[in-house]
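Notes to accompany the following structure.
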Amino acid sequence: MAARVSRVDSSSVVVSDGGLAPFQSEGLLFSAGAELDSLQAGGEPFRRCSAKLRALSASGGATVKTELNLLLDELLSHNYSLQNSGHNITDVCVVIVHASRLIPHSQEHLVIKLCQLIHQLLNQLQVIVDEQTLYTLVSYCTRALRTCSSWTHSEILLAVSSLVYGNGPRCQQHLPELIGPNGVLLKYGDPKQTDIELRRSSVHCLANLCLGVPGHPYLEESYKGVCYRIFLHNLQSLKPSDVEDVVFCTLLQSSLKGIQYFLNGAKWKSTPDQDLGTLLALLKKYMFYGLPGINVEMPQVLYPAPLPQYEAVPASRGKGKKAKAEGKTDGGPEEGDDEEPISVPVRTGGGGGAGRGEGRIGWPKTSNPLTLPLQTGAHSQFYPNWKKNSSDSEFSDPEGGMQSKLRLYQARVRQSALQCFLAVVKSVEKRVLHGYWSSFIPDAPGTGSPPSLTLLTIALKDPSPKVRAASLQVLSALLEGSRQFLSAAEDTSTPRQAFTPFSATLAASLRELHRCLLLALLAESSSQTLIQVIKCLAHLVSNVPYNRLRPGLLSPLWKQIRPYVRHRDVNVRVSSLTLFGAIVSAQAPLPEVQLLLQQPSQSMGPGTSGGATPQEQCLSWRQPVRRDREPNLPSPGGTGVDGVLEAPCWLLQLCVALVTQPRDEPYSDSDAAGSTGGALEPSPVRLEALQVLAHLVKGYFALTQTSLLELAQLSARCLREQDPSVQLHGAKLLEELGTGIIQQYRSDASTSESAVVFIHTTDNFVVQFWSEVLTGPLIGALQNDQHPTLQTSACDTLSSILPQAFSQFPDKTQVLCITILLGLTYSENSLVKAAAVRALGVYVLFPCLREDVMFVADTANAILTVLDDRFPNVRAKAAWSLGNLTDTLIVNMESVELEFQEEFSDMLLLKMLRSATRASGDKDRVKSNAVRALGNLLHFLQPAHLRKPAFQQPLEQAMRALIDTVKGDATMKVRWNACYALGNAFRNPGLPLGTASWSEEAYSALSSVVTSCKNFKVRIKSAAALSVPASRDRYGDMRQFAEVWCALAQALEHSEETEDFLEYRYCTSLRTELCHALLHLLSLCQLDDLANVQASLNSQSKAVLLGFLVHYLSDVALVSRPEDVSGEDAGDQMEPRDRLKELEQALSRLKELEGEDRVDSKSDLDTVKMFLEDVSKSCETIKAAEGLDASVTHTNSPPKFSSD
């Protein structure tokens, strides 16, 4: 069997033979570290032989043939894979090519030896030959296939397979001869070929042809399709009766490897010849190939379906006591070495897998699936039968050896099938794979149903740890990125009896996944496979919607994973911490996790009931953590908000200890041999512990409040270390602490009692906390130019300071923070620059800084400089900060009045206006905040600015930029911001709205959006902008006013028409804003406007508009529907009393117009007035009806009236 050549890197050599025609090699590719230039003792025989061979000439006759035969024998006698034998790659290439010129195809025994030498050298030295060598040797081999006897073809094909490895695209001239319509590889690789060795060698060649090297072109699609069909047909073929099982296994392995190479680096394209269901059915068949106790009868095609598909019941060797007796196995090699899998790993009784009652390893039938019985002496029941060694052997030694070899090759087939499946998962879209979910993921265990074979069956029952690990890798890949699909799962409601909805089926499948993976965790003793189990659990936890499932899934997992943080293998400890991080960050905060975190740390002891695993005795190398606290650290217990003494979170204690405390044993880690006592945990463990702390602070800040000072000092300690990674994670932890303090402050401010407690904590602790950090390590991190990532994180940390705490800093500390951030905006690193300008955008909103004209001006200049950066991400951050700065201008205009405006530079304001206008034409992520800044700036401009000629052109350009954005095809977020910005600009009474040339375009753009935009949130904001002008003259002439009125009326009439059902939730908010705008227009209208208003009321729209207006004026629930509102998208959200005042103002305006004696407008006025009076009467009728039933008026859910 041809050995597989590993993937290699590239190098370049030039080969020349002085006695022959020049032979150039464009690039020999070989593995890193395999530089074979230097001659050592082991390379001397090869050099001697190669020198003799190169001295031979084809004209030497029989003497040359004899000498050549001896030299080839000697060259073949060496093992070139042992260490570095000093063989020069140039010599290797030249020797092979020169030998091919010396050996005619008539001398078949020499041809065979040359092919064996090619195969041996290229495989053992891991060489991918260059194009010139490839052409010469493949040409030689293809001619040999045509002229030599068929008994030589197997060896020739082995040489070809080594030559074409990773060189498929370079074989263009030979591809027609190899895999064309009559290609030799197609002929020999066809399942009808009787010579199994030729067939296997051909398939191996085809697989190597399909292999692509990253950075190089791949084989053409037409040729890849031909190869794929050969692979598929071989997998679908039956084993000939005269072929040994081991040989057939090698054929299957080559076919599966070929499909894997076919899929790598490409996206799956479904064609009639490439059916995904057919491929998946074959892969599922060979995932269980040779697995003892399972006889798979798989359908030829798997079809996408939400429910499990039928599979034949796997064969079992027996039932009951007889099956248990047959489960005894030979003594085998140490776990983790699948070169010699344990003999006869029979699983009996339940049959096939982890789903529907399968794989319940010693599981009591009466137990809860998520209750793990861990009493002393019961550990053995969790071990699969393949892990229970027995002195009894079912085979004699020769028979046992043959069986062991067969099981070894069968395990390789299963592993290849799983690796191929992994390539399928990576190349096929997740939404397509979700249709086959039930074929590979266990469903809920049921009674009486046929057991299913799933990936968990392999993870629980396969005797090879590598195969088990491969199945878990596939499961992890399936789970990764499946959050949207799994979000459909739900089982919190009462189960229905008539039918089972898909949400309940999916939820049951997730519960079974948790149960089976917990069994795999308990049964696994191979460290490498154990790591995959824990990683798979982490992927599961990260994607499962626990808030839609009944509690209880995480508690058993939490309890069983705790001891593994003390495992001897450092990678297991890291994976366990990763899983804890996934749990505390999954839809945080979850009540179940919150209760788990509050459990006392004493429960971590190995003697605690429910806290041990079957491997507890070998895992407990680390004793339960005893922490000798430093005298300056606060007590771990603290007083909570309710004054109750709270114990510190045990997970927090553990992570802090892992970061700061020395290991208990100096040689406990495989990577720490020779370390001295007192050394800290390995860096990966410490970094993962810091990440868990960051997740914990972010999701469950209330539980970490009592240890804030300790965490602050931990972060400071990390920042003082030399390892940049530890410094970075320390800064990330500081950032999460600062963000958590801010969020807790905002939430607690809503209740006076808790606010007093927390603000007191802020005064006495947060200032001290930040002062200690800012006077030491954080400043050093900000100034560390050698590690820009650390600088970036430090900038983010500075931006997370609580504003109330910042105001209490000494002036020099405030100036230090600001000065550093201003300086970092000129950094050469784009990430640092972006983080610094974002932090300034946060600071400019601080109450203690926003009224400082000098600070605002310095920040504005820095932001405008960064706004012209060449990196889009930097410009996006700068635009966001510019939007915040202009928000500050509006706040100051309303609170400080003219003092701030007079001191702010006119030239700087003009510069900001021009920069924001330019940025509004940038990419959407820059544009969205640029238009927000434009709206604020146009609102901020004072009459003194508008009178200056320098502002005239920039003002018009800014308005046209907003108009173009509203009408353009930008994202809805950008258009929403543009509508908001126009409304903001309309609030400036100094703007010539109604008379300027851009006024008509602005109103037309907003009118078009309010009637035709598919996004209701954009419509809401455009309607709000149209209702901003406070006087009639700002709406322009009669035609412009009529256009606005008709657009609003039409939008209200069709407000329930939408193509996207998701937009329907905003219908109420849209109608509210439209009704408000219409009443606002009526309160400002003139006699000349009433003709157009009356025209819209004479049509069939009158009844519709009346119904909506009555509903708007009378429905109390409009102000209390959280599902209909989203921030500013809800409109004005006025109380019913204020809405009725709008109606009264409109009626008052119409009564004022009655005093104007104009006969031509009297009928229009009467029509509009009668319409509003009808609206008023309807509201009074509804109010009277509500008063008849006092119980209705006092209910929490007021009655809703139809708009009809």
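Brief remarks follow.
- Hull volume per residue, based on the alpha-carbon atoms of the range 1033-1110 and their convex hull, is 99 Å³.
- FRET efficiency, ASP785 to ARG1065 (Cβ-Cβ, R0 45 Å, nearest 0.05): 0.35
- Ordered by 1.4 Å accessible area with all protein chains kept, LYS812, LYS1017 run largest first as LYS812, LYS1017.
- Förster radius 60 Å - calculated FRET efficiency between VAL1028 and GLU221 (Cβ-Cβ, nearest 0.05): 0.55
- Residues of the range 48-173: accessible area per residue with a 1.4 Å probe, Å²: 37 Å²
- Paramagnetic reach from ALA488 in the range 522-550 [backbone N under 20 Å; point 7 Å along Cα→Cβ]: 540-550
- Protection proxy ranking for 169-175, 109-115, 532-538, using the average of other Cβ atoms within 10 Å per residue and placing the highest first: 532-538, 109-115, 169-175.
- Surface share of carbon and sulfur [accessible, 1.4 angstrom probe, percent] for the range 873-978: 51 percent
- Per principal axis, descending, Cα span of the range 401-472 in whole Å: 44, 37, 15
- The C-alpha radius of gyration of the range 923-990, expressed as a fraction of 2.2 N^0.38 Å, stands at 1.09.
- Counting only protein heavy atoms and using a 1.4 Å probe, the accessible area of GLU736 comes to about 40 Å².
- Coil-residue GluC sites (Glu not before Pro) of the range 861-928, DSSP, other Cβ within 10 Å capped at 16: GLU897
- Sulfur and carbon atoms: percent of accessible area, the range 778-862 [1.4 Å]: 51 percent
- Computed with the Debye formula from one identical point scatterer per Cα of the range 102-255, without solvent, the log10 of I(q)/I(0) at q = 0.09, 0.11, 0.15, 0.20 Å⁻¹ comes to -0.26, -0.40, -0.75, -1.33.
- Carbon plus sulfur fraction of accessible area for the range 979-1096, probe 1.4 Å, in percent: 50 percent
- Each distinct pair of alpha carbons in the range 84-193 adds a 1/r term; the inverse of their mean, the Kirkwood radius, is 14.3 Å.
- Viscosity 0.692 mPa s, 37 °C: Kirkwood-radius Stokes-Einstein D of the range 164-293 over Cα pairs, µm²/s: 218 µm²/s
- Only protein heavy atoms count here; under a 1.4 Å probe, GLU1142 has an accessible surface of about 20 Å².
- Sorting ARG850, ARG875 by solvent-accessible area of protein heavy atoms yields ARG850, ARG875, largest first, with a 1.4 Å probe.
- In terms of distances greater than 22 angstrom between alpha carbons, the cross-link table entries LYS224/LYS269; LYS877/LYS967; LYS257/LYS466; LYS257/LYS461; LYS948/LYS1021; LYS948/LYS973 yield LYS877/LYS967; LYS257/LYS461; LYS948/LYS1021; LYS948/LYS973.
- The modelled label-to-label distance between THR194 and ARG1149, using points 7 Å beyond Cα along the C-beta direction, is 9.9 nm.
- Separation in nanometres of the label points that stand 7 Å from Cα toward Cβ, at ARG550 and LEU76: 6.9 nm
- Area accessible to solvent at LYS430, 1.4 Å probe radius, in Å²: 60 Å²
- With the simple model of a label 7 Å out from the Cα in the direction of the Cβ, LYS1177 to MET1038 spans 3.0 nm.
- Each of HIS945, HIS119 has its accessible area taken with a 1.4 Å probe; listed largest first, they run HIS119, HIS945.
- Our note on the geometry: Cα centres of the range 249-298 and the range 172-237, 16 Å apart.
- Rounded accessible area per residue of the range 810-928, 1.4 Å, Å²: 43 Å²
- Short to long, the 10 Å bins of the Cα pair-distance histogram for the range 818-907 hold 19, 51, 25, 5 percent of all pairs.
The values are calculated or read from the model by the stated rules, or taken from the named source; none is laboratory data. What you are looking at is a predicted structure, and each value in this text was computed from that prediction instead of being measured. So basically every Cβ, Gly included, is an ideal-geometry build from the backbone, and we count neighbours across all protein chains shown. These area figures cover heavy atoms from the full protein model, side chains too; ligands, DNA and RNA do not enter into them. Shrake-Rupley method; radii C 1.70, N 1.55, O 1.52, S 1.80 Å.
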